[in-house]
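Undergrad: The structure that follows is given in the form of structure tokens.
Readers should treat all values here as calculations from the given coordinates under stated rules, not as data from a laboratory. No experiment lies behind these values; they were computed from the predicted model shown. We place every Cβ from the backbone using ideal geometry, glycine too, and count neighbours over all the protein chains shown.
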Amino acid sequence: MLTIGKIINTHGINGELKIIEQTDFPDRFSEGKTIYMVNDKNEVVPIEIESYRQMNKFGLLKIKGYDHISDAETLKGFELKVKKEDIGQLNEGEFYYFEIIDCEVFTIEGELIGKIDSIMSPGANDVWVVKNNKNKEILIPVIPSVIKNVDIDNKRVEIEVMEGLLD
């Protein structure tokens, strides 16, 4: 299962939940959809979405059957997930974060730079955070002039090193 959000608090008195989205696809929270909640006992519980809306940088989620703040308060800290087989296909050249994390990064000459540890989305393009064997972070912009080949099956990425990128 893949994490798509986390419940961080309640909102109002009618059982609405404040969540942090961890997906680029907010339609995963569409009314009537079934997603899964992992509770504090690590049990996976299917839930049906009654409603969803944005408020500032948070999402406000209403789950069917949770109609009061006292019901919702017990859900703080729970993760929201979808089944891996339900995520759908992306276009060519697009990848899910979970596919990119832990890929080894090489120069086009074959020199190992490190492994992708995390992904940042600061603006115009994503940035892959690569940790080398000395645990130093190297920031790789995800742009066509840098990313030359991504082989998800072999967890391998090849990049063209721009001037100053590895300094």
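Undergrad: Using the Karplus curve 6.51 cos²θ - 1.76 cosθ + 1.60 with θ = phi - 60°, work out ³J(HN,Hα) for each residue of segment 14-31 in order, rounded to whole Hz, and write x for Gly and Pro.
TA: 9, x, 6, 10, 8, 10, 9, 6, 10, 8, 8, 10, x, 5, 4, 9, 5, 3
Undergrad: Another question about this same structure. What's the FRET efficiency of Asn14 with Lys155 using the Cβ-Cβ distance as r and R₀ = 45 Å, to the nearest 0.05?
TA: That gives a FRET efficiency of 0.50.
Undergrad: Let me ask something else about it. Step through the table entries Lys6/Lys83; Lys33/Lys62; Lys33/Lys57; Lys84/Lys148, compare each Cα-Cα distance with 19 Å, and write down the pairs that go over it.
TA: Lys33/Lys57; Lys84/Lys148
Undergrad: Ok, one more. Among (1) 143; (2) 196; (3) 157, which one is volume of the Cα convex hull per residue in Å³ computed from these coordinates?
TA: (1)
Undergrad: Where in segment 12-27 does the label zone of Asn56 land, with the point 7 angstrom along Cα→C-beta and an amide N cut-off under 16 Å?
TA: Hits in segment 12-27 for Asn56 at 16 Å: 12, 17-21.
Undergrad: While we're here: Which trypsin sites (Lys or Arg not before Pro) in segment 1-92 sit in a loop by DSSP (not H, G, I, E or B) and have at most 10 other Cβ atoms within 10 Å of their own Cβ?
TA: Lys41, Lys57
Undergrad: Roughly how far apart, in whole Å, are the Cα centres of segment 103-167 and segment 66-99?
TA: 27 Å
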